[in-house]
Amino acid sequence: MIALGTLTRLEHPEQLALLREADDPALVASTVEELLRYLNIVHNGRLRVATEDFEVAGQTVRAGEGLIMVNEMGNRDPEAFTDSDRLDIQRDARRHVAFGFGVHQCLGQPLARMELQVVYGTLYRRVPTLKLATDLDQVPFKFNGMVYGVHELPVTW
Ligand code: HEM
C-alpha cells in the first residue's frame with residue numbers, strides 16, 4: 001500500500017501539488033482514505049454466512065447460506081462515490097470498505113492508517129524531487145495475489 005500509493009501519487013501530480021500546497025494533516029488523512037478506496041488492495045472477497053433470512057437487491061438470502069462480498073466493487077460504486085474511478089484526495093472517502101465491514105473488519109486498520117499518514121505526509125516533504133526511475137509499464141505489478149501491489153518500485157530523486 002505504501003509503494004502503490006506512492007506510485008499513484010506520482011502518477012497524479014496535480015493531486016500531489018494540492019497536498020504540498022495545503023500542508024494540512026486533515027488533507028493527508030483524507031488522502032489516505034481516498035487511496036485506500038481507490039486502490040482497494042485486498043482482492044479476495046469477504047466470506048460470510050447469513051445468520052438470518054434477508055433480502056438484498058430483490059434477492060432473498062436464507063440463514064446459513066454463504067456469501068462472497070466483493071468489496072472492491074463497492075469502493076468504485078458510482079452510487080456511493082461520485083465519479084468513482086477518479087482519484088480525488090479532497091473527497092470524503094471514509095465510507096470505503098477497503099478494511100472490510102462488520103465484526104471481522106481489519107483489526108490492524110488504526111495502525112495501517114497511522115503508518116500511511118506518516119509516510120504520505122512526510123515523503124513528499126523529505127524527498128520533494130522523488131520520481132519514478134522507470135516507465136510505468138515496466139513496473140512489476142502483483143496481478144496474481146490476494147493483495148494487490150508492486151513487487152518493487154524503482155524511484156530516483
Ligand atoms: C493497508 C493495510 C491493510 C488493509 C487494506 C487491510 C485489509 C483487511 C481486510 C479487507 C480484511 C478482511 C476484513 C473482513 O473480513 O471484513 C482484514 C482483516 C484483518 N486484518 Fe487487515 N489490512 C491492512 C493492514 C493490517 C495490519 C497492519 C494488521 C495488523 C497489524 C492487520 C490485521 C488484520 C487482522 C487480524 C484481520 C482479521 C480480522 C478478523 O477476521 O476478525 N491488517 N484486513
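On the stretch given as the range 59-76, residues that are of a type in the set (Ser, Thr, Tyr) and surrounded by 15 or more Cβ atoms within 10 Å (Cβ to Cβ) total 0. The residue pairs whose first member lies in the range 39-54 and is more than 11 Å from Gly100 (Cα to Cα), whose second member is away from the ligand (no atom under 15 Å from the Cβ), and whose beta carbons are closer than 6 Å, counting only pairs six or more residues apart or on different chains, are Ala50/Val61; Ala50/Ala63; Ala50/Glu65; Glu52/Ala63; Asp53/Arg62; Asp53/Ala63; Phe54/Val61.
Restricting Gly100, Gly64 to residues that are part of a loop (DSSP other than H, G, I, E, B), among the small types (Gly, Ala, Ser) and within 14 Å of the ligand (Cβ to nearest atom) narrows the list to Gly100. Being at pLDDT below 95, more than 13 Å from the chain's Cα centre (by Cα) and more than 9 Å from the ligand (Cβ to nearest atom) is a property that Gly74 lacks. For residues that are free of Cβ contacts under 8 Å to residues at least 24 places away in the same chain and farther than 23 Å from Leu10 by Cα, tally how many sit in the range 83-119. Of the residues in that region, 9 qualify. Being within 30 Å of Ala57 (Cα to Cα), modelled with pLDDT of 95 or more and of a type outside the set (Ser, Thr, Tyr) is a description that applies to Leu107. When Leu39, Leu4, Leu19, Leu47 are checked against the criterion of being at pLDDT 95 or above and either under 18 Å from Arg94 (Cβ atoms) or surrounded by fewer than 16 Cβ atoms within 10 Å (Cβ to Cβ) (or both), Leu39 stands alone in meeting it. Evaluating Asp83 against the criteria (1) modelled with pLDDT of 95 or more; (2) within 16 Å of the ligand (Cβ to nearest atom) leaves one unmet condition, (2).
Taken as a whole, the range 120-133 holds at least one residue that is within 14 Å of the ligand (Cβ to nearest atom), surrounded by 12 or more Cβ atoms within 10 Å (Cβ to Cβ) and either modelled with pLDDT under 95 or β-branched (Val, Ile, Thr) (or both).
Please go through the range 35-53 and give me each residue that is more than 15 Å from Met73 (Cβ to Cβ), hydrophobic (A, V, I, L, M, F, W, C) and assigned to a loop (DSSP other than H, G, I, E, B), ordered by number. Within the range 35-53, Ala50 is the sole residue that qualifies.
The values are calculated or read from the model by the stated rules, or taken from the named source; none is laboratory data. Being a predicted model, the structure only gives us computed values, none of them experimental. Note that each Cβ is placed from the backbone with ideal geometry, even for glycine, and that neighbours are counted across all protein chains shown.
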